[in-house]
Structure formats: structure tokens, C-alpha cells
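Each remark here refers to the structure printed beneath this line.
The values are calculated or read from the model by the stated rules, or taken from the named source; none is laboratory data. Keep in mind that what you see is a predicted model, and the values were worked out from it rather than measured. Cβ atoms come from the backbone with ideal geometry, glycine included; neighbour counts cover every protein chain shown.
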Amino acid sequence: MTNAELIAEAKKARLHAYTPYSHFQVGAALETKAGKIYHGCNIENAAYGPTNCAERTAFFKAVYEGEREFTRIAIVGGPEGQEANATCAPCGVCRQVMREFCTPDSFEIVLDDGKGGELVYTLEQLLPESFGPEDLGK
């Protein structure tokens, strides 16, 4: 699957977002090492704290299904009722969730640039000097 196809999957996921407060919808498509795709969308809550990002929704669905090896994730976003038109980098909490399950120097984060192109980063680029599971055993 190309990055463009993975972005298209994230755009499909975005349509399921529940955003009655921000009206900003985000979709994510997470690819496993075996090539399976898990979708996620942002889900807001009136108390704000329990709100869940699209990226974590996709990861939590995949982990629930027994997946533990991931290669990349595509993320798209934009105002409700409009095409995805904003570059949406993952928040710090989502980056840390990715770090739990992904190899920082090879896991890719693919962002729609909102102009028909894409930006690709490794997790290491977006979360330098990270803390991971291996750090607890030191």
C-alpha cells in the first residue's frame, strides 16, 4: 500500500469522528507489519479529559485484536463538513503510545499536508530522546 492509499484510508476513518465540541475531525489508518489496516477517529467528551485521539483509537483497536508490530500510521484532519485540509501531527500522548509499540527509527508517521501531498517522519524524529519499555529494565 502506498502512502497515498494509507492517507485515503485515514480520510475514510475521519468520517466516523465524534466532534460536537471542537468540530475538528481527525482520522488515522494504522498499518501492521503484516499489512493489516486499523482505523481510528477522534472521539470527544464534554469533560474534555476523556477525549481520545484518532491515533490512540487505532492503536487500542489493534492491540485489542492482538497486534503488536506496526510499520506506519497516516493521519488526516480538518474542520467538520470540509475535506481534510490541515496537517495534523500526533499529540505528545499519542507519540508516547506509539513509542510503547513501535521502533522509533523505523516506524513512519505519514501526514497529509492538506495540499495533496504528504509529509513523512519517523517516530524518532517526532519524539527524540524518548522513554520506552526497555528503559524500565535499566
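Filtering region 5-26 for residues that are surrounded by 13 or more Cβ atoms within 10 Å (Cβ to Cβ), assigned to a strand (DSSP E or B) and touching a Ser or Thr at 6+ places or on another chain (Cβ under 7 Å) leaves a non-empty set.
Kindly list, by first and then second residue, each pair from a residue in region 5-22 that is without any contact (Cβ under 8 Å) to a residue 40 or more places away in the chain to a residue that is part of a loop (DSSP other than H, G, I, E, B), limited to pairs with Cβ atoms under 8 Å and residues at least 6 apart or on different chains. Once the first residue is without any contact (Cβ under 8 Å) to a residue 40 or more places away in the chain and sits in region 5-22, its partners that are part of a loop (DSSP other than H, G, I, E, B) give Y18/N42; Y18/E44; P20/E44; Y21/E44; Y21/A46; Y21/Y48; S22/E44.
Counting only residues that are in contact with a helix residue (DSSP H, G or I) (Cβ under 8 Å, 6 or more places away or on another chain), among the aromatic types (F, W, Y) and within 13 Å of Y21 (Cα to Cα), region 40-74 holds 0 of them. Scanning region 5-53 for residues that are of a type in the set (A, V, I, L, M, F, W, C) and under 19 Å from E67 (Cβ atoms) yields L6, A10, A13, A28, A29, L30, A34, I37, C41, C53.
The set of residues from region 58-78 being more than 11 Å from the chain's Cα centre (by Cα) and either under 20 Å from L119 (Cβ atoms) or in a loop (DSSP other than H, G, I, E, B) (or both) comprises E65, G66, E67, R68, E69, F70, T71, G78. Residue count for region 79-138, restricted to those that are at pLDDT 95 or above, among the small types (G, A, S) and either under 14 Å from the mean Cα position of the chain (by Cα) or assigned to a strand (DSSP E or B) (or both): 2. Reported count of residues in region 30-44, each being of a type in the set (S, T, N, Q) and part of a strand (DSSP E or B), is 1. Residues that are in contact with an Asp or Glu (Cβ under 9 Å, 6 or more places away or on another chain), of a type outside the set (S, T, Y) and in contact (Cβ under 8 Å) with a residue 24 or more places away in the chain within region 94-107 comprise C94, R95, V97, M98, F101, C102, P104, F107, listed in sequence order.
Taking the listed residues E108, E80, E9, E100, the one that is in contact with a strand residue (DSSP E or B) (Cβ under 9 Å, 6 or more places away or on another chain) and under 25 Å from S130 (Cβ atoms) is E108, with no other qualifying. Please work out which residue is surrounded by the most Cβ atoms within 10 Å (Cβ to Cβ), limiting yourself to region 49-71 and to residues that are closer than 15 Å to T32 by Cβ and of a type in the set (A, V, I, L, M). Within region 49-71, the match that is surrounded by the most Cβ atoms within 10 Å (Cβ to Cβ) is A58. Do you know which residues across region 1-16 are in contact with a Gly (Cβ under 8 Å, 6 or more places away or on another chain), among the hydrophobic types (A, V, I, L, M, F, W, C) and closer than 21 Å to L119 by Cβ? Correct list: M1, A10, A13.
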